[in-house]
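Inspection log for the structure reproduced underneath, given as C-alpha cells.
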Amino acid sequence: LTLIYNVYFFVADGGSIGVNYGRIADNLPSAVKVVQLLKSQGLSRVKVFDADPSVLRSLAGSGIKVTVDLPNEMLSSAAKKPSFAAAWVQRNVAAYHPATEIEAIAVGNEVFVDTHNTTKFLIQAMRNIHQALVKSNLHSAIKVSSPIALSALQNSYPSSAGSFRQELVEPVFRPMLEFLRETGSYLMVNAYPFFAYEANSDVISLDYALFRENPGNVDAGNGLRYFSLFDAQIDAVFAAMSALKFDDIEMVVSETGWPSKGDGTEIGASVANAAAYNGNLVRRILTGGGTPLRPKADLTVYLFALFNEDDKNGPTSERNYGLFYPNEEKVYDIPFTSDKRAPATGGGHVTAPPVTGGGVSRSTTRNTWCVASGEAGEEKLQAALDFACGEGGADCRQIQPGAACFKPNTVEAHASFAFNSYYQRNERAGGSCYFGGAAYVVAQPPSAYSRLIHPLSRYLFVCCGKC
C-alpha cells in the first residue's frame with residue numbers, strides 16, 4: 001500500500017457557517033435542546049423563519065447570532081402601516097435584543113415567487129422595518145434585507161452575463177440595492193446547485209456540483225475558470241449587481257443545501273451527495289477566499305436545514321434537507337467548524353482531515369458507521385484507502401489476500417472496511433469519516449443500511465463488525 005502523507009497548510013480566516021432552523025414538523029426537540037445542539041456543534045449563527053418567542057427566549061445568552069423573519073403574509077401590513085412595523089419590531093426584536101443577539105431581519109422570503117403578489121410591498125416594508133429599528137436605536141446593530149431566489153435572475157449562465165429579471169430592476173432591485181447601500185446591509189441570496197444539477201445532469205458534472213476535483217469551466221465572458229457550480233451561481237448574482245453599479249454591496253447566502261433523499265426522478269438526491277456538498281462547502285467557506293469574481297468576499301453561508309421536516313409538502317426531497325434527524329442524530333457526519341487548516345490536494349491525492357473531538361458531540365455520533373461513497377471514483381477511494389491503512393492506522397488485516405473480508409476484492413468494499421476501522425478507532429470524532437469526500441456516515445447499522453441501499457450488503461453485514 002502506498003502511503004499518502006497527511007499534509008496541511010495554514011490559511012487565512014474564512015467566512016462563517018450558520019444554519020436555517022425550520023420547524024415544519026411535528027416531532028422536533030424543544031427549542032432549549034436545539035440551542036444545546038447548535039452549541040455542541042460549534043454553530044454560531046442561526047436563521048429562523050419567524051420570530052417565535054420560545055425560540056428567541058431559548059437563544060438568550062447563548063452567544064448565537066440570530067436572523068429573524070417577517071413572514072410574507074405580513075408584508076402588506078408592514079408596508080402600509082409604519083405603526084404595524086414599529087409594533088412588530090418592538091414585540092419581536094427589541095423585546096429580546098441584546099440578550100438574544102439578533103443581527104438581522106429577513107423581510108419576507110423569496111417574495112418574487114410568492115403567489116400572493118407581495119412583491120409590490122417589499123421595498124416599503126423594508127424601509128418601515130428599518131425606521132422602526134432607528135426609533136428603537138437598534139439600526140446600527142441589526143441589518144434589514146430580504147432573501148431572493150436565483151429565479152430572480154434573467155440570465156445566470158455564463159456567470160459574467162448575470163442579470164436581474166428586467167421587470168424587477170426598476171421597481172424592486174435598484175431601490176432595494178440603494179436601501180442596502182444606505183443602511184450598510186447586504187443582499188441575502190438562496191442558492192441551490194442541486195436544482196440546477198437535477199434539471200441538467202446530462203450537461204453538469206456531479207463533481208462540479210459537489211465541489212469535488214474537476215477540470216473546471218471557463219467563463220467565456222470574463223475568462224475566469226470555475227471549479228464549482230456554487231461559485232458560478234454566486235458570481236452570477238454579483239455580476240447582476242455590478243451591471244446596476246452596485247459593486248460595493250456584500251452578500252450573504254441565506255440558504256443552500258442538498259437533499260439526502262428524493263423521489264426516483266430527483267436525480268442526485270442521496271446521503272453521499274448531501275454529505276459531499278455540505279461537507280465540502282463548509283471547508284470551502286471556512287478556509288477563506290471568495291469567488292473567482294470576488295476573491296476577497298468571504299461569505300457567510302446558512303445551510304438548509306437543521307432538521308428533516310416531516311410536515312413539508314412537495315417531493316420527498318423537501319422533507320430530507322436536514323443535517324440532523326429529529327432525535328438529534330446526524331443524517332451524515334460533517335464538521336461545522338475549522339481549525340484553520342485545509343488538506344493539501346495536489347497531484348489528485350486525497351487526505352483525511354485532522355481528527356479532533358471539537359466539532360461533534362459524542363451524543364450525536366454514537367452508533368454510527370463510516371462507509372465508502374462509490375460515486376467518489378476508484379482513484380479517490382484508492383488514495384483514501386492507502387492513507388487509512390497506512391499512516392491512518394486502520395486495522396486492515398482482514399482485507400488482505402486470503403483473509404475473511406478480502407472478497408469481494410474491490411476498492412469500494414476494502415475502502416468501506418478501512419474507513420470504518422479508522423472512524424471507530426478515532427472514537428467517531430468529527431472529520432474522521434470524510435477522506436476528501438470519499439466517505440460518509442450512516443446512522444443505521446451497516447446490516448440494516450446495506451439491505452436497503454448498499455450493493456455490498458452481505459459484505460458490510462459480515463465484515464463491518466470486524467473493524
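One table, with the values for the structure above:
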read-out	value
Gyration tensor verdict on segment 232-285 (Cα atoms; rounded if a/c is under 1.5, prolate if a/b is larger than b/c, oblate otherwise)	prolate
Sequence of Lys65, Lys39 from largest to smallest accessible area, 1.4 Å probe	Lys39, Lys65
Average accessible surface area per residue within segment 298-338, 1.4 Å rolling probe, Å²	29
Difference of contour (0.36 nm per residue) and Cα-Cα distance, Ala297 to Lys80	74.5 nm
Debye log10 I(q)/I(0) for segment 156-235, one point scatterer per Cα, at q = 0.16 Å⁻¹	-0.73
Where the Cα pairs of segment 124-264 fall when distances are cut into 5 Å bins, in %	2, 9, 17, 20, 17, 13, 10, 7, 4, 2, 0
FRET efficiency for Arg57 and Thr316, using Cβ-Cβ distance with R0 set to 41 Å, rounded to 0.05	0.75
Heavy-atom accessible area ranking, 1.4 Å probe, most first, across His139, His130	His139, His130
Sites Arg165 and Asn409, calculated FRET efficiency, Cβ-Cβ separation with R0 56 Å, nearest 0.05	0.50
Cα-based Rg and Dmax for segment 37-183, where Dmax is the largest Cα-Cα distance (Å)	16.1, 46
Fully extended contour minus Cα-Cα distance, from Ala25 to Ala87, at 0.36 nm per residue	19.5 nm
Segment 44-123: GluC sites (Glu not before Pro) in DSSP coil with no more than 11 other Cβ atoms inside 10 Å	none
Principal axis dimensions, largest first and in whole angstrom, of segment 198-287 by Cα	43, 27, 26
Largest to smallest accessible area among Thr265, Thr183 [probe 1.4 Å]	Thr265, Thr183
Glu379 - accessible surface, heavy atoms, 1.4 Å probe, Å² rounded to 10	140
Members of Lys81/Lys135; Lys47/Lys143; Lys81/Lys143; Lys81/Lys312 lying beyond 24 Å, as alpha-carbon distances in this model show	Lys81/Lys312
Accessible surface of Leu138 - all protein chains present, 1.4 Å probe, nearest 10 Å²	20
With all protein chains modelled, accessible area of Met74 [1.4 Å, Å²]	60
Computed E for Glu178/Ala95 - FRET, C-beta separation, R0 30 angstrom, nearest 0.05	0.50
Shape of segment 264-336, Cα gyration tensor, a/c cut at 1.5	prolate
Unit charges on C-beta of K, R, D, E only; dipole of segment 48-157, Debye	420
Amide H contacts under 5 Å for Gln154, placed H, 5+ residues apart	Ser163, Phe164, Arg165
Cross-link pairs Lys39/Lys330; Lys39/Lys296; Lys380/Lys407; Lys65/Lys261; Lys80/Lys245 - those with Cα-Cα distance over 22 Å	Lys39/Lys296; Lys65/Lys261; Lys80/Lys245
Cβ crowding within 10 Å averaged over residues, with 315-326, 414-425, 201-212 ranked highest first	414-425, 315-326, 201-212
Contour excess over end-to-end distance, with Cα ends at Ser151 and Arg397 and 0.36 nm allotted per residue	83.3 nm
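The values are calculated or read from the model by the stated rules, or taken from the named source; none is laboratory data. Nothing here was measured: the structure is a model prediction, and the numbers come from that model. Ideal geometry is used to build each Cβ from the backbone, glycine not excepted, and the neighbour counts take in all protein chains shown. Surface accessibility is based on the protein's heavy atoms, side chains included, excluding ligands, DNA and RNA. Shrake-Rupley method; radii C 1.70, N 1.55, O 1.52, S 1.80 Å.
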